[in-house]
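No value in this document is a laboratory result; all are computed from the given coordinates. Keep in mind it's a predicted model, so treat the numbers as computed, not measured. Note that we place each Cβ from the backbone using ideal geometry, even for glycine, and neighbour counts take in every protein chain shown.
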Amino acid sequence: EADIYQTPRYLVIGTGKKITLECSQTMGHDKMYWYQQDPGMELHLIHYSYGVNSTEKGDLSSESTVSRIRTEHFPLTLESARPSHTSQYLCASSDRDSVVYEQYFGPGTRLTVT
Amino acid sequence: QKEVEQDPGPLSVPEGAIVSLNCTYSNSAFQYFMWYRQYSRKGPELLMYTYSSGNKEDGRFTAQVDKSSKYISLFIRDSQPSDSATYLCATPRGDSSYKLIFGSGTRLLVRP
């Protein structure tokens, strides 16, 4: 079982609030990812990190920001939440030595902005 | 055109049926193909992967790649209610990164 954790699992928050979604992994993986997933839609990569102090934007434009100060921790922040941010956010990690590009996913955070 | 396309379903089958799940892809440079399984309220988990063409079998599951038609399949034999989940195909971008391109997933329901 993958050791990757996300908190909170569910979050309902009002428009304009600042939120941080937490993601931690205990596998020592160097690469970490944030995806956004809407029902019936593919996972869209919104942020990617090669390692500590290395982050880049993914394919889907997002108003969120991320940081990678420690290998195991990759939080995602929304400065001012809007209803359009309502979605499921999945965090994942992978090992540089994996030849099969396997990504380990957390359980997700389901965000609802009212 | 999406780089990886998948029929969203839902696909409903009786227990014990053989299930066929399919994806098409557009870029002939793609080499690795993966199937992830996602249960409700959970993150996806890697089920199987294949490299290039051919078949790969793991218990009741068989993954098949046809590079000539850019078609990948996952077969489930003797399907069980516990197989009820969304199945996503995925492939690395092919640009030497570890980023994956996912299909939208096919929701499978196996009826007892």
So which pairs qualify, if the first residue must be in region B:22-35 and more than 9 Å from B:T50 (Cβ to Cβ), the second must be assigned to a strand (DSSP E or B) and of a type in the set (F, W, Y), the Cβ gap must be under 9 Å, and the two must be at least 6 apart or on different chains?
B:N22/B:Y71; B:C23/B:F33; B:C23/B:W35; B:C23/B:Y71; B:T24/B:Y71; B:Y25/B:F33; B:Y25/B:Y71; B:Q31/B:Y51
Exactly one of these conditions fails for B:R60: (1) within 14 Å of chain A (Cβ to nearest Cβ); (2) within 17 Å of B:D78 (Cα to Cα); (3) among the basic types (K, R). Give me its number.
(1)
Going by what's in this entry, would A:S61 be described as over 18 Å from A:T114 (Cβ atoms), away from chain B (no Cβ under 14 Å) and polar (S, T, N, Q)?
yes
Residues within region B:66-105 that are surrounded by 15 or more Cβ atoms within 10 Å (Cβ to Cβ), without any contact (Cβ under 8 Å) to a residue 60 or more places away in the chain and away from chain A (no Cβ under 14 Å), tallied:
8
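Conditions (1) surrounded by fewer than 18 Cβ atoms within 10 Å (Cβ to Cβ); (2) under 22 Å from A:S93 (Cβ atoms), marked per residue:
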site	(1), (2)
B:L21	no, no
B:S28	yes, no
B:Y32	yes, yes
B:Q38	no, yes
B:K42	yes, yes
B:E45	yes, yes
B:Y49	no, yes
B:N55	yes, no
B:G59	yes, no
Name the single residue that is farthest from A:L21 (Cα to Cα) among those in region A:94-114 being part of a strand (DSSP E or B) and facing chain B (nearest Cβ under 10 Å).
A:S94
Inspect region A:76-88 for any residue being without any contact (Cβ under 8 Å) to a residue 24 or more places away in the chain and aliphatic (A, V, I, L, M) and give the result as yes or no.
no
Among the residues of region A:57-77, is there at least one that is of a type outside the set (A, V, I, L, M), crowded, with 18+ Cβ neighbours inside 10 Å and touching a Lys or Arg at 6+ places or on another chain (Cβ under 7 Å)?
yes
Taking the criterion of being within 14 Å of the chain's Cα centre (by Cα), on the phi < 0 side of the Ramachandran plot and in a loop (DSSP other than H, G, I, E, B), would at least one residue in region B:97-107 satisfy it?
yes
In region A:34-44, which residue that is of a type in the set (A, V, I, L, M, F, W, C) and buried (at least 23 other Cβ atoms within 10 Å of the Cβ) is nearest to the other protein chains (Cβ to nearest Cβ)?
A:L43
Single residue of region B:27-51 satisfying the filter (in a loop (DSSP other than H, G, I, E, B) and under 15 Å from B:L100 (Cβ atoms)) that is nearest to the chain's Cα centre (by Cα):
B:P44
Keeping to region B:39-57, report how many residues are facing another protein chain (nearest Cβ under 8 Å) and under 19 Å from A:D3 (Cα atoms).
6
(1) under 10 Å from the mean Cα position of the chain (by Cα); (2) farther than 29 Å from A:K31 by Cβ; (3) not basic (K, R) all hold for B:V110 apart from (1)
Which of the residues that make up region A:1-43 are touching a helix residue (DSSP H, G or I) at 6+ places or on another chain (Cβ under 8 Å) and among the aromatic types (F, W, Y)?
none
Counted residues in region B:27-38 being closer than 23 Å to A:F105 by Cβ and more than 14 Å from chain A (Cβ to nearest Cβ) come to 0
Enumerate the strands (runs of 3 or more DSSP E) found wholly within region A:1-73, keeping only those where 3 or more residues are free of Cβ contacts under 8 Å to residues at least 24 places away in the same chain and within 24 Å of B:K2 (Cα to Cα).
A:44-51
